[in-house]
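**Q** Here's a structure for you.
The values are calculated or read from the model by the stated rules, or taken from the named source; none is laboratory data. The structure presented is a predicted model; accordingly, all values stated were derived computationally and were not measured. All Cβ positions, even for glycine, are placed from backbone atoms using ideal geometry, and neighbour counts span all protein chains on display. Remember, those area values only see protein heavy atoms, side chains included, never the ligands or the DNA or RNA. Shrake-Rupley method; radii C 1.70, N 1.55, O 1.52, S 1.80 Å.
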Amino acid sequence: MLAKVYSYGISSLDAYPITIEVDVSSGLPGTVIVGLPNNAVKESKERVRAAIRNSGYRYKPQRITINLSPANIPKEGPSFDLAIALGYLSATEQIPNQHLSEYVILGELSLDGKIMPVTGALSVALSLPKNQFKGLLLPQANACEAAVTESIAIYPMRTLKDVIHFLSQEIPDEHFTVNTAELFQKTNTYPIDFSDVKGQAHVKRGIEIAAAGGHNCLLIGPPGSGKTMLAKRVPTILPDMTLEESLEITKIYSVMGLIPPQMSLLTTRPFRSPHHTASDVALVGGGSVPKPGEVTLSHHGVLFLDELPEFGRNVLESLRQPLEDHCVTVSRANRCAHFPAKFMLIASMNPCPCGYLSDPRRQCQCSPQQIAKYMGKISGPLLDRIDIHLEVPALKPLELMQHHHAEHSADIKKRTVIARSIQQHRFKNSGIFANAQMDQKQIQKFCPLNKDSQDLLKTAIEELKLSARAHDKILKVSRTIVDLEEKDEILPQHIAEAIGYRSLDREGWGMS
């Protein structure tokens, strides 16, 4: 007898429908799964057999053929276990099948019949067409994340027996729901604050500008000057995520299996800090089966690269395209995957190999050749893509011993929110949300300069030998500085401040 069950698979970050057909017939006993299954799918026959028997149902030695349609798309993961088990029980007439086609079914089975969590539940819930199915049956651990869509009824299940009992009822149980507004209020908080950082007023100003315009930022200073501490607090001054942004982030983390247990939505902006030994694939994504990398996991958040020159040259160069296009395209022979990558890059580095070139209290032991080689690990094109370079000096003893708190993140955040709201109004219906993402036409339109400002910028380009991209970065940063002041015209002082944030463009930087 033949039975059909409906499920969904994951390709890149998106879900696609799968029809699972189970045919049970007489013949040489054996179970065959067709439809390009990977090893995890092939092994499901053993999990399904044990789960059915340990749940009190029969699993006879028969000829069983399981087809995963469409057959030309590779199938991955154990999320089809539950659907296959129900298909077998329906094909052998051990359970009624009149309601089986009304639901989409996801879940991995343990040998005792318990339903284990799967990845990509939110992607599936977002992809389900309205009014085609009555609901989504899935593991209880995935119910919170899937229920935020509110577009389809979510029914969490603990065991195979629970699913069979549910499908046997004429009136289904009440579906699972979550209150997204309440979730944002409860979870959109950070345990750290900018008031923890002593001194560094100039650096905080630069970081505020970076946050207000979505600009990439490089922190340069000796060990212990507070570069990492400052970088970790950048998300605390960024505007709160919208529901749409939160769903995008949660969808990515759901596919990667990184959502904490019993969490529905990721409501705080991501902060990713990969180790400098990370490969280019780990950073930007890829692999034989394309998976997102750290730049995608940082989507709508911050990617922090500590000790930037310690990363491999090929790893750093792989960042150039995501920084420019805000997405990653991974091409393989049989598929092409697109991953979003709208993130702020915050990087840190020492001014020299020993770290003490700019420290007035300690003597640098590096030769000019060693310093040049160290700085040369970061290519000019990559530096061009970093809008703001900030020198982070070592704190003086008096600054370390002071006890009064600096400005809180909430106060800085108020200003960045106002600046971002100005930019959202400016770029309405253009597909971008911050000054850092302006293209050439938008720069010409929204960054006009008076004669004094033009003269100052021209002098800076000639003296510092700036590239065309650096010229554009200065204009973008100037536009953000003006937005923070809630004004319209870019004046020479705004251009001068933006030029001051191009430290590494100065010839002989750090050698004086």
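**Q** With θ taken as phi - 60° and the coefficients 6.51, -1.76 and 1.60, list the Karplus ³J(HN,Hα) couplings across the stretch 65-70 in order, rounded to whole Hz; mark glycine and proline as x.
**A** Computed from phi, the couplings for the stretch 65-70 are 10, 10, 10, 9, 10, x Hz.
**Q** For K42 and N131, what is the calculated FRET efficiency with R₀ set at 30 Å and r taken between the beta-carbons, to the nearest 0.05?
**A** According to the calculation, E is roughly 0.30.
**Q** Check which residues have an amide H placed less than 5 Å from H300's amide H, if you skip close sequence neighbours.
**A** HN-HN under 5 Å from H300: K342, F343.
**Q** Using Cα atoms only, what is the angle between the long axis of helix 81-91 and the major principal axis of the chain, expressed in degrees (0 to 90) to the nearest 10?
**A** That helix lies at roughly 20 degrees to the long axis.
**Q** Charges on Cβ only, +1 for Lys and Arg, -1 for Asp and Glu, centred on the Cα centroid of the chain; of L305, S478, V22, which one is farthest towards the dipole's positive end?
**A** Value: V22.
**Q** Something else: Looking at the calculated P(r) for the chain, what percent of the C-alpha pair distances fall above 30 Å?
**A** Values: 73508 of 130816 pairs.
Tail of P(r) above 30 Å: 56 percent of Cα pairs.
**Q** Taking H as built 1.01 Å from N, whose amide H comes closer than 5 Å to the amide H of C327, not counting residues under 5 places away?
**A** A341
**Q** How large is the charge dipole for the chain, taken about the Cα centre, if only the Cβ atoms of Lys, Arg (+1) and Asp, Glu (-1) carry charge, to the nearest 20 debye?
**A** 740
**Q** State the extension gain, in nm to one decimal, for the chain segment bounded by T177 and K458, taking 0.36 nm per residue of separation less the distance between their alpha-carbons. Write out the running numbers ahead of the final one.
**A** Values: separation 281, 0.36 × 281 = 101.16 nm, distance 5.90 nm.
Taking 0.36 nm per residue and subtracting the Cα distance, the gain is 95.3 nm.
**Q** How would you rank 104-114, 435-445, 152-162, highest first, on the average number of other Cβ atoms within 10 Å across their residues?
**A** With the highest mean Cβ count within 10 Å placed first, the list reads 104-114, 152-162, 435-445.
**Q** OK, next. Roughly speaking, to the nearest percent, how much of the stretch 420-512's 1.4 Å accessible area is carbon and sulfur? Please list the in-between numbers first.
**A** On the way: 2430 of 5020 Å².
Roughly 49 percent of what the probe reaches on the stretch 420-512 is carbon or sulfur.
**Q** If you don't mind, there's one more thing I want to ask. Against the longest principal axis of the chain, how steep is helix 409-426, in degrees 0 to 90 to the nearest 10, with axes from Cα atoms?
**A** Once rounded, one gets 80 degrees.
**Q** May I ask for the distance between the Cα centers of the stretch 66-119 and the stretch 352-403, given as a whole number of Å?
**A** Taking the Cα centre of each part, the stretch 66-119 and the stretch 352-403 sit 57 Å apart.
**Q** How big is the shadow of the Cα convex hull of the stretch 2-115, averaged over all directions, in nm²?
**A** On the way: hull surface 26.6 nm².
Its Cα hull, projected and averaged over all orientations, spans 6.7 nm².
**Q** Please give the calculated 222 nm ellipticity per residue for the chain, where each DSSP H segment of at least 4 residues contributes -39500 (n - 2.57) and the sum is spread over every residue; nearest 500 deg cm²/dmol? All intermediate terms of the calculation are to be shown ahead of the outcome.
**A** Numbers: 22 runs with 189 residues, N = 512.
My calculation for the chain gives -10000 deg cm²/dmol from helical runs alone.
**Q** Send over a whole-number figure in Å² for the accessible area per residue of the chain, probe 1.4 Å. Each step should come with its number before you reach the end.
**A** Values: 23170 Å² over 512 residues.
Averaged over the residues of the chain, the accessible area is 45 Å².
**Q** Whole angstrom only: what separates the Cα centroid of the stretch 147-180 from the Cα centroid of the stretch 291-337?
**A** Comparing the Cα centres of the stretch 147-180 and the stretch 291-337, I get a distance of 38 Å.
**Q** Keeping the other protein chains in place, figure out the carbon and sulfur percent of the accessible area of the stretch 53-162, with a 1.4 Å probe. Walk me through the intermediate numbers first.
**A** Details: 1990 of 4360 Å².
Answer for the stretch 53-162: carbon and sulfur cover 46 percent of the accessible area.
**Q** Also, I was wondering about something else. Can you run phi through the Karplus equation (6.51, -1.76, 1.60; θ = phi - 60°) for the stretch 448-458 and list ³J(HN,Hα) in whole Hz, with x for Gly and Pro?
**A** Karplus-based 3J(HN,Hα) across the stretch 448-458 equals x, 10, 7, 5, 4, 5, 4, 4, 5, 5, 4 Hz.
**Q** Now, a different point. With all protein chains present, how much of the accessible area of the stretch 168-288 (probe radius 1.4 Å) comes from carbon and sulfur, to the nearest whole percent?
**A** On the way: 2840 of 5300 Å².
That fraction is 54 percent.
**Q** Additional query: Amide H to amide H under 5 Å from M116: which residues, 5+ apart in sequence or cross-chain, H placed 1.01 Å off N in plane?
**A** E108, L109, S110
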